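Here's the structure we're looking at; comments come further down.
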Amino acid sequence: MQVRYFDHVATTPLDEEVLKAIMPYLKEDFGNPLSIYESGMRARKAIEEARAEVSSLINVKPSEIIFTSSGAEANNLALRGIALAKQSKGSHIIVSKVEHHSVLNSARFLEKSGFAVTFLHPDKYGTISPESLRKAITNETILISIILASPEVGTVQPIKELAHIAKEKGITFHTDAVSGVGSIPIDVSDLGVDLLSMAGHQFYGPKGAGALYLREGMRIVPLIYGGIQEGGRRAGTENVPAIVGMGRAAGIAKEKLPERVHYIKGLRDKLIEGILKTEKVYLTGHPSERLPGHASFVVEFIEGESMLLLLAVLGIYAASGSACSSKALKASPVLLSMGISPNLAQGSIVFSLGYENTEDDINYLLTEFPVIVKRLREISPYQKGWGGMEETGQCIPQK
Amino acid sequence: MYSAKVMEHFMNPRNVGEIENPDGVGEEGNPTCGDVMKITIRVSEGRIVDAKFQTFGCGAAIAVSSMITEMAKGKTIEEALLISKESVANELEGLPAQKMHCSNLGADALRKAIADYKDKQKK
(Lines give C-alpha, C1' and ligand atoms only; values in the text may rest on other atoms or scores of the structure.)
Protein backbone atom coordinates (compact mmCIF):
# COMPACT_ATOMS: atom_id res chain seq x y z
CA MET A 1 0.00 0.00 0.00
CA GLN A 2 1.29 3.43 -0.90
CA VAL A 3 1.58 5.70 2.12
CA ARG A 4 0.51 9.34 1.74
CA TYR A 5 2.03 11.13 4.70
CA PHE A 6 0.25 14.31 5.82
CA ASP A 7 1.58 14.63 9.38
CA HIS A 8 4.71 16.73 8.97
CA VAL A 9 4.03 18.76 12.12
CA ALA A 10 4.44 15.52 14.08
CA THR A 11 7.72 14.75 12.38
CA THR A 12 9.29 14.69 8.92
CA PRO A 13 11.04 11.85 7.12
CA LEU A 14 14.84 11.92 7.10
CA ASP A 15 16.46 13.52 4.06
CA GLU A 16 18.77 11.08 2.20
CA GLU A 17 21.56 13.63 2.13
CA VAL A 18 21.17 14.15 5.88
CA LEU A 19 21.44 10.42 6.47
CA LYS A 20 24.70 10.34 4.49
CA ALA A 21 26.08 13.22 6.55
CA ILE A 22 25.24 11.43 9.80
CA MET A 23 26.71 8.01 9.02
CA PRO A 24 30.42 8.77 9.59
CA TYR A 25 29.64 10.03 13.11
CA LEU A 26 27.92 6.80 14.02
CA LYS A 27 30.90 4.76 12.83
CA GLU A 28 34.44 6.07 12.16
CA ASP A 29 34.22 9.42 13.93
CA PHE A 30 32.55 8.20 17.08
CA GLY A 31 34.96 10.06 19.35
CA ASN A 32 33.82 12.26 22.20
CA PRO A 33 33.90 15.87 20.97
CA LEU A 34 35.85 16.83 24.09
CA SER A 35 38.69 14.39 23.31
CA ILE A 36 41.89 15.81 21.88
CA TYR A 37 42.72 13.01 19.43
CA GLU A 38 41.67 12.96 15.79
CA SER A 39 38.28 11.28 15.98
CA GLY A 40 37.18 13.52 18.84
CA MET A 41 38.43 16.61 17.09
CA ARG A 42 36.57 15.68 13.91
CA ALA A 43 33.38 15.26 15.93
CA ARG A 44 33.95 18.68 17.53
CA LYS A 45 34.51 20.26 14.12
CA ALA A 46 31.33 18.65 12.78
CA ILE A 47 29.29 20.06 15.67
CA GLU A 48 30.64 23.55 15.04
CA GLU A 49 29.84 23.24 11.35
CA ALA A 50 26.31 22.21 12.28
CA ARG A 51 26.07 25.18 14.62
CA ALA A 52 27.05 27.46 11.76
CA GLU A 53 24.42 25.96 9.46
CA VAL A 54 21.66 26.18 12.08
CA SER A 55 22.59 29.77 12.95
CA SER A 56 22.64 30.73 9.31
CA LEU A 57 19.11 29.37 8.77
CA ILE A 58 17.71 31.94 11.22
CA ASN A 59 20.40 34.61 10.64
CA VAL A 60 22.13 34.67 14.03
CA LYS A 61 25.71 34.08 15.22
CA PRO A 62 26.86 30.47 15.75
CA SER A 63 27.78 31.32 19.35
CA GLU A 64 24.12 32.12 20.00
CA ILE A 65 23.00 28.52 19.35
CA ILE A 66 22.72 26.00 22.22
CA PHE A 67 22.12 22.45 21.07
CA THR A 68 19.56 20.46 23.09
CA SER A 69 17.99 17.02 22.77
CA SER A 70 14.68 18.33 21.38
CA GLY A 71 12.41 21.29 20.85
CA ALA A 72 10.74 20.46 24.16
CA GLU A 73 14.06 20.71 25.97
CA ALA A 74 14.79 24.03 24.25
CA ASN A 75 11.41 25.33 25.45
CA ASN A 76 12.03 24.10 28.99
CA LEU A 77 15.46 25.69 29.03
CA ALA A 78 14.09 28.97 27.70
CA LEU A 79 11.26 29.30 30.22
CA ARG A 80 12.81 27.83 33.33
CA GLY A 81 16.31 29.06 32.53
CA ILE A 82 15.25 32.68 32.00
CA ALA A 83 12.76 32.71 34.89
CA LEU A 84 15.47 31.59 37.29
CA ALA A 85 18.07 33.94 35.83
CA LYS A 86 15.75 36.93 36.11
CA GLN A 87 13.77 36.18 39.25
CA SER A 88 15.40 39.02 41.16
CA LYS A 89 13.87 41.40 38.60
CA GLY A 90 10.29 40.16 38.82
CA SER A 91 8.02 37.16 39.13
CA HIS A 92 5.45 37.42 36.31
CA ILE A 93 5.48 35.41 33.08
CA ILE A 94 3.17 35.61 30.08
CA VAL A 95 2.47 32.70 27.72
CA SER A 96 -0.44 31.99 25.40
CA LYS A 97 -3.12 29.33 25.52
CA VAL A 98 -2.02 28.02 22.12
CA GLU A 99 1.45 26.92 23.23
CA HIS A 100 2.94 23.45 22.96
CA HIS A 101 2.76 21.35 26.14
CA SER A 102 6.47 21.87 26.75
CA VAL A 103 5.83 25.61 27.14
CA LEU A 104 2.49 25.30 28.94
CA ASN A 105 3.76 22.74 31.42
CA SER A 106 6.99 24.65 32.02
CA ALA A 107 4.84 27.71 32.78
CA ARG A 108 2.65 25.65 35.13
CA PHE A 109 5.77 24.33 36.86
CA LEU A 110 6.99 27.91 37.35
CA GLU A 111 3.54 28.85 38.65
CA LYS A 112 3.84 26.17 41.31
CA SER A 113 7.32 27.45 42.11
CA GLY A 114 5.99 30.90 42.99
CA PHE A 115 5.84 32.77 39.68
CA ALA A 116 2.60 34.37 38.53
CA VAL A 117 1.62 33.29 35.00
CA THR A 118 -0.85 34.90 32.60
CA PHE A 119 -2.20 32.62 29.86
CA LEU A 120 -3.28 34.80 26.93
CA HIS A 121 -6.41 33.79 24.98
CA PRO A 122 -6.25 33.75 21.20
CA ASP A 123 -8.98 35.06 18.92
CA LYS A 124 -11.10 32.70 16.81
CA TYR A 125 -8.25 32.31 14.32
CA GLY A 126 -5.79 31.30 17.02
CA THR A 127 -4.00 34.65 16.85
CA ILE A 128 -2.64 36.43 19.94
CA SER A 129 -3.34 40.12 19.59
CA PRO A 130 -0.68 42.72 20.46
CA GLU A 131 -3.35 44.57 22.48
CA SER A 132 -3.99 41.58 24.72
CA LEU A 133 -0.26 41.25 25.32
CA ARG A 134 0.07 44.94 26.20
CA LYS A 135 -2.76 44.62 28.73
CA ALA A 136 -1.21 41.57 30.38
CA ILE A 137 2.19 43.16 31.05
CA THR A 138 2.88 44.29 34.63
CA ASN A 139 5.90 45.83 36.35
CA GLU A 140 6.77 42.31 37.46
CA THR A 141 6.82 40.76 33.97
CA ILE A 142 10.21 39.25 33.16
CA LEU A 143 9.44 36.84 30.33
CA ILE A 144 6.96 36.47 27.47
CA SER A 145 6.73 33.28 25.43
CA ILE A 146 4.47 33.10 22.37
CA ILE A 147 4.59 30.29 19.83
CA LEU A 148 5.59 31.30 16.30
CA ALA A 149 3.22 28.92 14.52
CA SER A 150 0.68 26.50 15.90
CA PRO A 151 1.17 22.87 14.86
CA GLU A 152 -2.54 22.27 15.49
CA VAL A 153 -4.18 25.05 13.51
CA GLY A 154 -1.23 26.40 11.53
CA THR A 155 -1.73 30.04 12.56
CA VAL A 156 1.43 32.12 12.33
CA GLN A 157 1.57 34.74 15.08
CA PRO A 158 2.51 38.40 14.59
CA ILE A 159 5.75 37.71 16.47
CA LYS A 160 7.54 40.82 15.23
CA GLU A 161 4.85 43.07 16.72
CA LEU A 162 4.62 41.05 19.92
CA ALA A 163 8.39 41.01 20.39
CA HIS A 164 8.53 44.74 19.76
CA ILE A 165 6.11 45.35 22.65
CA ALA A 166 8.34 43.26 24.92
CA LYS A 167 11.44 45.15 23.81
CA GLU A 168 9.82 48.52 24.55
CA LYS A 169 9.25 47.36 28.11
CA GLY A 170 12.64 45.66 28.49
CA ILE A 171 11.06 42.20 28.86
CA THR A 172 12.74 39.05 27.51
CA PHE A 173 10.81 37.48 24.62
CA HIS A 174 10.94 33.81 23.65
CA THR A 175 9.23 32.12 20.74
CA ASP A 176 8.73 28.41 20.23
CA ALA A 177 9.48 28.21 16.51
CA VAL A 178 9.62 24.41 16.30
CA SER A 179 6.85 24.26 13.67
CA GLY A 180 8.18 27.27 11.79
CA VAL A 181 11.93 26.81 11.40
CA GLY A 182 12.63 25.11 8.10
CA SER A 183 9.02 25.63 6.95
CA ILE A 184 8.99 29.40 6.57
CA PRO A 185 11.81 31.95 6.24
CA ILE A 186 12.84 33.20 9.69
CA ASP A 187 15.25 36.05 10.27
CA VAL A 188 15.79 36.66 13.98
CA SER A 189 17.28 40.12 13.45
CA ASP A 190 13.99 41.07 11.80
CA LEU A 191 11.74 39.25 14.29
CA GLY A 192 13.50 40.82 17.28
CA VAL A 193 13.14 37.89 19.67
CA ASP A 194 15.64 37.11 22.44
CA LEU A 195 15.21 33.35 22.43
CA LEU A 196 13.88 30.92 19.83
CA SER A 197 13.39 27.14 20.00
CA MET A 198 13.69 24.70 17.11
CA ALA A 199 13.91 20.95 16.40
CA GLY A 200 15.79 19.22 13.60
CA HIS A 201 13.24 16.45 13.00
CA GLN A 202 10.69 19.08 11.96
CA PHE A 203 12.69 19.87 8.82
CA TYR A 204 13.93 16.50 7.57
CA GLY A 205 16.66 16.06 10.17
CA PRO A 206 16.84 13.22 12.70
CA LYS A 207 15.05 13.07 16.04
CA GLY A 208 17.18 13.75 19.11
CA ALA A 209 18.51 17.21 18.24
CA GLY A 210 16.96 20.56 19.02
CA ALA A 211 18.40 24.00 19.56
CA LEU A 212 17.78 27.20 21.44
CA TYR A 213 18.85 30.54 20.07
CA LEU A 214 19.90 32.75 22.98
CA ARG A 215 20.73 36.37 22.21
CA GLU A 216 24.37 37.17 22.87
CA GLY A 217 25.03 38.44 26.37
CA MET A 218 21.86 37.01 27.93
CA ARG A 219 22.27 34.94 31.06
CA ILE A 220 20.41 31.66 31.40
CA VAL A 221 20.39 29.09 34.20
CA PRO A 222 21.03 25.58 32.85
CA LEU A 223 18.57 22.73 33.31
CA ILE A 224 21.33 20.16 33.14
CA TYR A 225 24.50 20.62 35.14
CA GLY A 226 27.69 18.77 34.42
CA GLY A 227 30.54 19.57 32.10
CA ILE A 228 31.44 22.47 29.88
CA GLN A 229 29.48 21.46 26.81
CA GLU A 230 27.49 24.19 25.05
CA GLY A 231 29.36 26.84 26.98
CA GLY A 232 28.28 25.32 30.29
CA ARG A 233 24.65 26.06 29.48
CA ARG A 234 23.69 22.49 28.61
CA ALA A 235 25.91 19.71 29.94
CA GLY A 236 26.06 16.19 28.59
CA THR A 237 28.04 14.51 25.84
CA GLU A 238 26.70 15.83 22.58
CA ASN A 239 24.50 13.66 20.36
CA VAL A 240 26.94 14.18 17.52
CA PRO A 241 25.12 12.28 14.72
CA ALA A 242 21.80 14.01 15.46
CA ILE A 243 23.43 17.44 15.73
CA VAL A 244 25.30 16.88 12.46
CA GLY A 245 22.02 15.80 10.87
CA MET A 246 20.20 18.86 12.16
CA GLY A 247 22.96 21.06 10.78
CA ARG A 248 22.86 19.49 7.33
CA ALA A 249 19.04 19.64 7.31
CA ALA A 250 19.25 23.34 8.19
CA GLY A 251 21.67 23.92 5.31
CA ILE A 252 19.36 22.18 2.86
CA ALA A 253 16.31 23.99 4.23
CA LYS A 254 17.97 27.36 3.78
CA GLU A 255 18.91 26.61 0.21
CA LYS A 256 15.57 25.16 -0.83
CA LEU A 257 13.10 27.09 1.32
CA PRO A 258 11.74 29.53 -1.30
CA GLU A 259 10.93 26.84 -3.86
CA ARG A 260 9.55 24.47 -1.19
CA VAL A 261 7.28 27.14 0.30
CA HIS A 262 5.92 27.99 -3.13
CA TYR A 263 5.33 24.33 -4.01
CA ILE A 264 3.74 23.33 -0.70
CA LYS A 265 1.46 26.37 -0.61
CA GLY A 266 0.06 25.39 -4.01
CA LEU A 267 -0.73 21.88 -2.79
CA ARG A 268 -2.20 23.18 0.47
CA ASP A 269 -4.51 25.66 -1.24
CA LYS A 270 -5.80 22.90 -3.46
CA LEU A 271 -6.30 20.67 -0.43
CA ILE A 272 -8.21 23.32 1.54
CA GLU A 273 -10.42 24.21 -1.41
CA GLY A 274 -11.18 20.54 -2.05
CA ILE A 275 -11.88 19.58 1.58
CA LEU A 276 -14.23 22.53 2.11
CA LYS A 277 -16.45 21.23 -0.68
CA THR A 278 -17.76 18.67 1.78
CA GLU A 279 -20.73 20.12 3.65
CA LYS A 280 -20.38 21.24 7.25
CA VAL A 281 -16.61 21.15 7.30
CA TYR A 282 -14.83 24.29 8.52
CA LEU A 283 -11.25 25.51 8.28
CA THR A 284 -9.58 26.11 11.65
CA GLY A 285 -6.80 28.62 12.18
CA HIS A 286 -6.08 31.77 10.22
CA PRO A 287 -7.23 31.77 6.57
CA SER A 288 -4.05 33.44 5.27
CA GLU A 289 -1.52 33.82 8.13
CA ARG A 290 -0.81 30.12 8.35
CA LEU A 291 2.06 27.69 7.75
CA PRO A 292 2.44 27.00 4.02
CA GLY A 293 1.77 23.28 4.35
CA HIS A 294 -0.94 23.39 6.99
CA ALA A 295 -4.61 22.55 6.48
CA SER A 296 -6.76 21.94 9.57
CA PHE A 297 -10.48 21.48 9.86
CA VAL A 298 -13.38 20.52 12.07
CA VAL A 299 -15.96 18.17 10.61
CA GLU A 300 -19.44 18.27 12.10
CA PHE A 301 -21.23 15.20 13.50
CA ILE A 302 -18.28 12.79 13.48
CA GLU A 303 -15.19 12.25 15.56
CA GLY A 304 -11.55 12.76 14.59
CA GLU A 305 -9.98 9.47 15.61
CA SER A 306 -12.45 7.42 13.59
CA MET A 307 -11.59 9.60 10.56
CA LEU A 308 -7.88 9.00 11.20
CA LEU A 309 -8.38 5.24 11.38
CA LEU A 310 -10.32 5.06 8.11
CA LEU A 311 -7.76 7.30 6.40
CA ALA A 312 -4.89 5.18 7.77
CA VAL A 313 -6.46 2.04 6.32
CA LEU A 314 -6.12 3.77 2.94
CA GLY A 315 -2.50 4.70 3.65
CA ILE A 316 -3.32 8.33 4.43
CA TYR A 317 -1.65 9.47 7.65
CA ALA A 318 -2.99 12.60 9.34
CA ALA A 319 -3.63 13.96 12.85
CA SER A 320 -6.53 15.11 15.01
CA GLY A 321 -7.06 17.17 18.12
CA SER A 322 -10.07 15.09 19.18
CA ALA A 323 -10.14 13.77 22.73
CA CYS A 324 -10.15 10.16 21.58
CA SER A 325 -6.96 10.62 19.55
CA SER A 326 -5.02 11.98 22.50
CA LYS A 327 -3.82 9.82 25.34
CA ALA A 328 -4.96 12.53 27.76
CA LEU A 329 -8.53 12.00 26.46
CA LYS A 330 -9.08 15.73 26.31
CA ALA A 331 -10.12 17.64 23.22
CA SER A 332 -7.47 20.03 21.95
CA PRO A 333 -7.09 22.91 24.42
CA VAL A 334 -5.95 25.03 21.46
CA LEU A 335 -9.23 24.55 19.58
CA LEU A 336 -11.25 25.14 22.75
CA SER A 337 -9.29 28.32 23.55
CA MET A 338 -10.23 29.62 20.09
CA GLY A 339 -13.89 29.33 21.04
CA ILE A 340 -14.62 26.22 18.99
CA SER A 341 -17.33 24.26 20.81
CA PRO A 342 -16.25 20.98 22.44
CA ASN A 343 -18.45 18.83 20.20
CA LEU A 344 -16.99 20.44 17.08
CA ALA A 345 -13.46 20.11 18.46
CA GLN A 346 -14.09 16.34 18.58
CA GLY A 347 -14.30 16.41 14.79
CA SER A 348 -10.84 17.89 14.31
CA ILE A 349 -8.63 16.72 11.46
CA VAL A 350 -5.19 18.10 10.58
CA PHE A 351 -3.22 17.62 7.36
CA SER A 352 0.33 18.98 7.32
CA LEU A 353 2.19 18.71 4.04
CA GLY A 354 5.83 18.22 3.15
CA TYR A 355 7.81 18.81 0.00
CA GLU A 356 7.71 15.11 -0.86
CA ASN A 357 3.89 15.20 -1.14
CA THR A 358 2.58 15.23 -4.69
CA GLU A 359 -0.48 16.45 -6.48
CA ASP A 360 -1.47 12.81 -6.80
CA ASP A 361 -1.45 12.53 -2.98
CA ILE A 362 -3.84 15.48 -2.74
CA ASN A 363 -6.13 14.10 -5.44
CA TYR A 364 -6.27 10.76 -3.67
CA LEU A 365 -7.09 12.40 -0.34
CA LEU A 366 -9.75 14.59 -1.92
CA THR A 367 -11.37 11.55 -3.52
CA GLU A 368 -11.41 9.50 -0.33
CA PHE A 369 -12.19 12.17 2.26
CA PRO A 370 -15.87 12.77 1.37
CA VAL A 371 -16.45 9.01 1.25
CA ILE A 372 -15.10 8.61 4.78
CA VAL A 373 -17.10 11.56 6.12
CA LYS A 374 -20.30 10.19 4.56
CA ARG A 375 -19.62 6.73 5.93
CA LEU A 376 -19.08 7.96 9.48
CA ARG A 377 -22.01 10.35 9.34
CA GLU A 378 -24.25 7.44 8.38
CA ILE A 379 -23.24 5.79 11.65
CA SER A 380 -23.59 9.01 13.67
CA PRO A 381 -26.70 9.78 15.73
CA TYR A 382 -26.24 13.41 14.63
CA GLN A 383 -26.65 12.86 10.92
CA LYS A 384 -29.65 15.18 11.00
CA GLY A 385 -28.00 17.81 13.21
CA TRP A 386 -26.90 18.26 16.78
CA GLY A 387 -30.41 17.73 18.16
CA GLY A 388 -31.05 21.23 19.42
CA MET A 389 -27.49 22.06 20.43
CA GLU A 390 -27.41 24.75 17.73
CA GLU A 391 -30.24 26.62 19.47
CA THR A 392 -28.63 26.40 22.87
CA GLY A 393 -25.50 27.95 21.43
CA GLN A 394 -23.33 24.97 22.29
CA CYS A 395 -22.41 24.40 18.68
CA ILE A 396 -21.29 27.48 16.87
CA PRO A 397 -19.20 26.78 13.81
CA GLN A 398 -16.40 29.20 13.12
CA LYS A 399 -17.30 31.54 10.26
CA MET B 1 -3.27 0.06 18.94
CA TYR B 2 -6.50 -1.87 18.37
CA SER B 3 -6.97 -5.64 18.15
CA ALA B 4 -7.78 -7.15 14.77
CA LYS B 5 -11.30 -7.86 16.04
CA VAL B 6 -11.85 -4.21 17.01
CA MET B 7 -10.66 -3.10 13.58
CA GLU B 8 -12.87 -5.68 11.89
CA HIS B 9 -15.98 -4.38 13.70
CA PHE B 10 -14.92 -0.79 13.11
CA MET B 11 -14.44 -1.36 9.39
CA ASN B 12 -17.59 -3.46 8.99
CA PRO B 13 -19.93 -2.40 11.77
CA ARG B 14 -22.99 -4.61 12.23
CA ASN B 15 -26.48 -3.31 12.97
CA VAL B 16 -25.95 0.33 12.04
CA GLY B 17 -29.10 2.45 12.09
CA GLU B 18 -32.27 2.99 13.98
CA ILE B 19 -35.23 0.64 14.45
CA GLU B 20 -38.48 2.33 13.48
CA ASN B 21 -40.94 2.53 16.36
CA PRO B 22 -38.54 0.67 18.65
CA ASP B 23 -39.60 -1.10 21.83
CA GLY B 24 -36.73 0.54 23.73
CA VAL B 25 -34.29 3.41 23.18
CA GLY B 26 -31.11 4.04 25.16
CA GLU B 27 -28.65 6.87 24.72
CA GLU B 28 -25.43 7.33 26.65
CA GLY B 29 -22.65 9.90 26.51
CA ASN B 30 -22.25 13.51 25.53
CA PRO B 31 -20.60 14.92 22.41
CA THR B 32 -19.06 17.81 24.34
CA CYS B 33 -16.89 15.46 26.35
CA GLY B 34 -16.63 12.37 24.21
CA ASP B 35 -18.57 9.57 22.61
CA VAL B 36 -22.32 9.16 22.23
CA MET B 37 -24.11 5.87 21.61
CA LYS B 38 -27.76 5.39 20.82
CA ILE B 39 -29.19 1.89 20.84
CA THR B 40 -32.70 0.91 19.74
CA ILE B 41 -34.15 -2.55 20.41
CA ARG B 42 -37.06 -4.69 19.24
CA VAL B 43 -38.35 -7.12 21.85
CA SER B 44 -40.59 -10.09 21.25
CA GLU B 45 -41.76 -12.46 23.97
CA GLY B 46 -39.10 -11.20 26.39
CA ARG B 47 -36.29 -11.65 23.90
CA ILE B 48 -34.29 -9.00 22.01
CA VAL B 49 -34.94 -9.93 18.40
CA ASP B 50 -33.24 -6.89 16.87
CA ALA B 51 -30.83 -4.18 18.01
CA LYS B 52 -29.38 -1.26 16.09
CA PHE B 53 -26.95 1.50 16.98
CA GLN B 54 -25.81 4.97 16.05
CA THR B 55 -22.51 6.21 17.42
CA PHE B 56 -20.55 9.45 17.49
CA GLY B 57 -17.12 8.41 18.60
CA CYS B 58 -13.74 6.88 17.99
CA GLY B 59 -12.86 3.54 16.44
CA ALA B 60 -13.24 1.71 19.74
CA ALA B 61 -16.65 3.29 20.37
CA ILE B 62 -17.95 2.18 16.98
CA ALA B 63 -16.55 -1.35 17.42
CA VAL B 64 -18.07 -1.60 20.91
CA SER B 65 -21.47 -0.52 19.58
CA SER B 66 -21.32 -3.04 16.79
CA MET B 67 -20.29 -5.84 19.12
CA ILE B 68 -22.83 -5.11 21.82
CA THR B 69 -25.74 -5.13 19.37
CA GLU B 70 -24.48 -8.49 18.09
CA MET B 71 -24.24 -9.82 21.64
CA ALA B 72 -27.70 -8.54 22.61
CA LYS B 73 -29.56 -10.02 19.67
CA GLY B 74 -31.24 -13.29 20.54
CA LYS B 75 -30.79 -12.86 24.28
CA THR B 76 -33.64 -12.59 26.78
CA ILE B 77 -33.93 -9.28 28.62
CA GLU B 78 -32.43 -10.87 31.72
CA GLU B 79 -29.52 -12.34 29.78
CA ALA B 80 -28.89 -9.03 27.98
CA LEU B 81 -28.71 -7.21 31.31
CA LEU B 82 -25.70 -9.39 32.17
CA ILE B 83 -23.67 -7.96 29.28
CA SER B 84 -20.99 -5.85 30.91
CA LYS B 85 -18.31 -3.47 29.69
CA GLU B 86 -15.77 -6.16 30.42
CA SER B 87 -17.60 -8.86 28.49
CA VAL B 88 -17.85 -6.60 25.42
CA ALA B 89 -14.16 -5.76 25.68
CA ASN B 90 -13.36 -9.47 26.02
CA GLU B 91 -15.42 -10.33 22.94
CA LEU B 92 -13.44 -7.66 21.08
CA GLU B 93 -10.21 -9.34 22.22
CA GLY B 94 -9.28 -6.36 24.34
CA LEU B 95 -9.43 -2.58 24.24
CA PRO B 96 -6.61 -0.16 25.04
CA ALA B 97 -6.71 0.66 28.76
CA GLN B 98 -7.40 4.35 28.21
CA LYS B 99 -10.36 3.52 25.99
CA MET B 100 -12.14 1.30 28.49
CA HIS B 101 -14.06 3.97 30.36
CA CYS B 102 -14.75 6.38 27.51
CA SER B 103 -15.54 4.12 24.58
CA ASN B 104 -17.33 1.41 26.42
CA LEU B 105 -20.59 3.21 26.97
CA GLY B 106 -22.37 0.51 24.99
CA ALA B 107 -23.37 -1.58 28.00
CA ASP B 108 -24.91 1.49 29.62
CA ALA B 109 -26.76 2.46 26.45
CA LEU B 110 -28.14 -1.08 26.15
CA ARG B 111 -29.26 -1.05 29.79
CA LYS B 112 -31.02 2.24 29.20
CA ALA B 113 -32.77 0.80 26.14
CA ILE B 114 -33.93 -2.17 28.24
CA ALA B 115 -35.09 0.14 31.04
CA ASP B 116 -36.99 2.19 28.46
CA TYR B 117 -38.61 -1.01 27.17
CA LYS B 118 -39.63 -2.01 30.70
CA ASP B 119 -41.07 1.47 31.35
CA LYS B 120 -43.12 1.24 28.20
CA GLN B 121 -44.40 -2.18 29.23
CA LYS B 122 -45.71 -0.77 32.51
CA LYS B 123 -47.79 1.89 30.72
Report whether or not A:V334 is surrounded by fewer than 20 Cβ atoms within 10 Å (Cβ to Cβ) and more than 10 Å from every other protein chain (Cβ to nearest Cβ).
no
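Find the residue count for segment A:340-361, including only residues that are surrounded by fewer than 24 Cβ atoms within 10 Å (Cβ to Cβ) and under 21 Å from the mean Cα position of the chain (by Cα). Break it down into steps so the answer makes sense when it comes.
Keep residues of segment A:340-361 that are surrounded by fewer than 24 Cβ atoms within 10 Å (Cβ to Cβ), which gives A:341-342, A:354-361.
With under 21 Å from the mean Cα position of the chain (by Cα) added as a condition, the list becomes A:354-357.
Qualifying residue count, segment A:340-361: 4.
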Within the set of pairs 6 or more residues apart or between chains, which connect a residue that is at positive phi inside segment A:109-131 to a residue that is open to solvent by less than 30 Å² (accessible area, probe 1.4 Å) and β-branched (V, I, T) with Cβ atoms less than 7 Å apart?
A:G126/A:V98; A:G126/A:V153; A:G126/A:T155; A:G126/A:V334
Residues located in segment A:195-217, provided they are more than 11 Å from A:V178 (Cβ to Cβ), touching a residue at least 40 places away in the same chain (Cβ under 8 Å) and open to solvent by 10 Å² or more (accessible area, probe 1.4 Å):
A:Y204, A:P206, A:K207, A:G208, A:R215, A:E216
For segment A:307-350, what are the residues that are part of a loop (DSSP other than H, G, I, E, B) and touching a Leu at 6+ places or on another chain (Cβ under 8 Å)?
A:A318, A:S320, A:G321
Mind listing whichever residues of segment A:57-87 are part of a helix (DSSP H, G or I), crowded, with 24+ Cβ neighbours inside 10 Å and within 17 Å of the chain's Cα centre (by Cα)?
A:L57, A:G71, A:A74, A:N75, A:L77, A:A78, A:L79
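Just the residues that are open to solvent by 30 Å² or more (accessible area, probe 1.4 Å) and within 28 Å of the chain's Cα centre (by Cα), please, taken from segment A:12-24.
Selection gives A:P13, A:L14, A:E16, A:E17, A:L19, A:K20, A:M23.
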Which residue pairs have Cβ atoms under 9 Å apart, sit 6 or more places apart or on different chains, and have a first residue in segment B:74-86 that is acidic (D, E) and a second that is part of a helix (DSSP H, G or I)?
B:E79/B:A72; B:E86/B:M100; B:E86/B:A107
The correct count of residues that are under 18 Å from A:V9 (Cα atoms), surrounded by fewer than 24 Cβ atoms within 10 Å (Cβ to Cβ) and of a type in the set (A, V, I, L, M) in segment A:272-309 is 2
Of all residues being free of Cβ contacts under 8 Å to residues at least 60 places away in the same chain and open to solvent by 10 Å² or more (accessible area, probe 1.4 Å) in segment A:138-156, which is nearest to A:R108 (Cα to Cα)? Just the residue, please.
A:T141
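The values are calculated or read from the model by the stated rules, or taken from the named source; none is laboratory data. This structure is a prediction, so every number in the text was calculated from the model and none was measured. Note that each Cβ is placed from the backbone with ideal geometry, even for glycine, and that neighbours are counted across all protein chains shown. Protein only, heavy atoms only, side chains kept; ligands, DNA and RNA dropped before computing areas. Shrake-Rupley method; radii C 1.70, N 1.55, O 1.52, S 1.80 Å.
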